[in-house]
Amino acid sequence: LAKTTQPISMDSYEGQEVNITCSHNNIATNDYITWYQQFPSQGPRFIIQGYKTKVTNEVASLFIPADRKSSTLSLPRVSLSDTAVYYCLVYNTDKLIFGTGTRLQVFP
Amino acid sequence: GAVVSQHPSRVICKSGTSVKIECRSLDFQATTMFWYRQFPKQSLMLMATSNEGSKATYEQGVEKDKFLINHASLTLSTLTVTSAHPEDSSFYICSAREPPGQGKTEAFFGQGTRLTVV
């Protein structure tokens, strides 16, 4: 079973900020939280990874509360090209199990 | 980020034949590689974990004699679909990670292989 739970789908419009929340109630002490993006017929692409608090890079921010039982991927000002499936994974050195992911559809 | 190269990107084969898919880590050594299968509009399903120099660990329900995995070096793992049938048609994706303990936990994915069995 996947360790994470995410909304199945989300819709947004260009220029808006999108926040996708992932629930991982059974996260282990050594687990990292990692988000991937997947376009059709391509392998997943790494977006961001964090352990606690907030992480920001050039494409996204990741917010992790103190209890680490959830996390939120924030995509600022999305564009049409951000339409994709976003996966939240929780792991350390063990195998990577994918949940359902969130299918984000960005409209003009 | 690190690069994982998968080849071929797409292949069509006749029913009953075997197909080999290669997965290479181009700029790092991967002691562990993972193989996934993905059907249309579904998530990635882990098939097996491949460890360099040892036998692969298969997930429940995955036939090890049908999906042969070889991880002969730190940069190459192969998946061979033997005696392929139309129901094996799918998108196969590999993933590689650097050895644990080096402060990195990212996994990198190949571009995937679209297998069509006719």
inquiry  = Looking for something touching a Pro at 6+ places or on another chain (Cβ under 8 Å), farther than 17 Å from B:SER43 by Cβ and within 14 Å of another protein chain (Cβ to nearest Cβ) - is there at least one such residue anywhere in the range A:94-108?
reply    = no
Considering residues that are open to solvent by 40 Å² or more (accessible area, probe 1.4 Å), β-branched (Val, Ile, Thr) and more than 12 Å from the chain's Cα centre (by Cα), the number found within the range A:20-47 is 1
Within the range A:53-70, restricting to residues that are polar (S, T, N, Q) and out of contact with any His (no Cβ under 9 Å at 6 or more places or on another chain), the one that is farthest from A:CYS22 (Cα to Cα) is A:ASN57
Is it the case that B:LEU79 is hydrophobic (A, V, I, L, M, F, W, C) and without any contact (Cβ under 8 Å) to a residue 24 or more places away in the chain?
-> no
If we scan the range A:56-74, do we find a residue that is within 14 Å of chain B (Cβ to nearest Cβ) and in contact with a Lys or Arg (Cβ under 6 Å, 6 or more places away or on another chain)?
no
The correct count of residues that are at pLDDT 95 or above and either polar (S, T, N, Q) or open to solvent by 60 Å² or more (accessible area, probe 1.4 Å) (or both) in the range A:78-92 is 4
The range B:1-96: strands (runs of 3 or more DSSP E) wholly inside it with 2 or more residues that are exposed (fewer than 13 other Cβ atoms within 10 Å of the Cβ) are B:10-13
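The values are calculated or read from the model by the stated rules, or taken from the named source; none is laboratory data. Every value quoted in this text rests on a predicted model; they were computed, and no experiment measured them. As a convention, Cβ positions derive from the backbone with ideal geometry for all residues, glycine included, and neighbour counts pool all protein chains shown. Surface accessibility is based on the protein's heavy atoms, side chains included, excluding ligands, DNA and RNA. Shrake-Rupley method; radii C 1.70, N 1.55, O 1.52, S 1.80 Å.
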